[in-house]
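Peer 1: Quick one: this structure, given as structure tokens, is what I'll be asking you about.
What follows is calculated from the coordinates using simple rules that are stated; it is not laboratory data. Everything numeric here is computed off the predicted structure, so don't read it as measured data.
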Amino acid sequence: MRRERTAMLSLWVLLAMGVAALLTPLVPVQPPRRIDTTDAFAGPTLRLPETPLYPPDADPAEREAVLEAGFGRLGPLSDALLRLRVAVFGTWQLPSLCGTDLLGRDLFSRLLWGARISLAVGVVATMVSLVVGVTYGAVAGYFGGRVDNAMMRVVDILYSIPFIFVVIFLITILNAETIKQTLQDRFGVDRMLVFFLVVGAVYWLTMARVVRGQVLALRGEAFVEAARSLGAGQTRIIFRHIVPNLMGVVIVYLTLTIPRVMLFEAFLSFLGLGVEPPDVSWGLLANEGIRAITPVQIYWWLVVFPGAALGITLVALNFLGDGLRDALDPRMR
């Protein structure tokens, strides 16, 4: 794949985005939740912010309260990175490189924090479709016959259901306060985790069909017969011998599924059914930008920067998928 310059450039772009999203609490950006209406709809600037990260004379308790109000409740890793950022940079912050929104919140900071959710939903939901789709398709393709027919008819039935309406219905139910509170208190499950699982459950059907077709072609190969003659069980043959031989196709399909999942999340957030404020994602930022545009004034930075972040990521993933397909396909050598 190193001969494919476009694919390698896409890989480095995606790695840079992943590292930036992971280390966002360490970057000295302005708090993404801090509201300053006096600075609303300010364009991109290199002027340092006048409001400090927290009051210089604040005691430790007040400092913690200000940081929590500006960044929200963070996990252990993010909290440790934020404390390291404060120890290294103090109250110094980057300027509003991408402008501010209608509440005066720094758009550059919200882009970095939104990348964490947008990339996470793409990876987590795709992993869900990977586990379910590979397992289901491998079992159906290996056993064949009536088992294969029955399992594939289930897939055909599920394909006939308009999943966009199912997902919207489920997300609408999850948005109810009583449902969210019950999930949090009784099962300890966050709504965002359920959202990731629901989105991932939509995309396993195509994965199952792709894997099933590959397994049908591989189950009659000599190495499968050799493993069976040596006494290997059916589960071992499927997951130890067959599945590793089709991972090239699976990896390529994954790189092409992640952008679809991210675009679907952006679409749901654009409709107000995905990520909820004060959390932020690229789709939610684009939605806020569209609502802020009026015939009188066009605040272009509210749409251009979130759209560019999402577009660059999707294009990079598609180019990486094409490069991997060419690199892993023996007929292309």
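Peer 1: So how tilted is helix 145-159 from the main axis of the chain? Cα-based, degrees 0 to 90, rounded to 10.
Peer 2: 30
Peer 1: Return one number: the angle in degrees, 0 to 90 and rounded to the nearest 10, between the long axis of the Cα atoms of helix 191-202 and the longest principal axis of the Cα atoms of the chain.
Peer 2: 40
Peer 1: Which whole number of Å³ per residue matches the convex hull of the alpha-carbon atoms in segment 210-333?
Peer 2: That works out to 143 Å³ per residue.
Peer 1: Can you compute the radius of gyration and Dmax for segment 1-72, using only the Cα atoms, both in Å?
Peer 2: When restricted to the Cα atoms of segment 1-72, Rg and Dmax are 18.1, 57 Å.
Peer 1: By how many degrees, 0 to 90 and rounded to 10, does the Cα axis of helix 60-71 deviate from the longest principal axis of the chain?
Peer 2: 60
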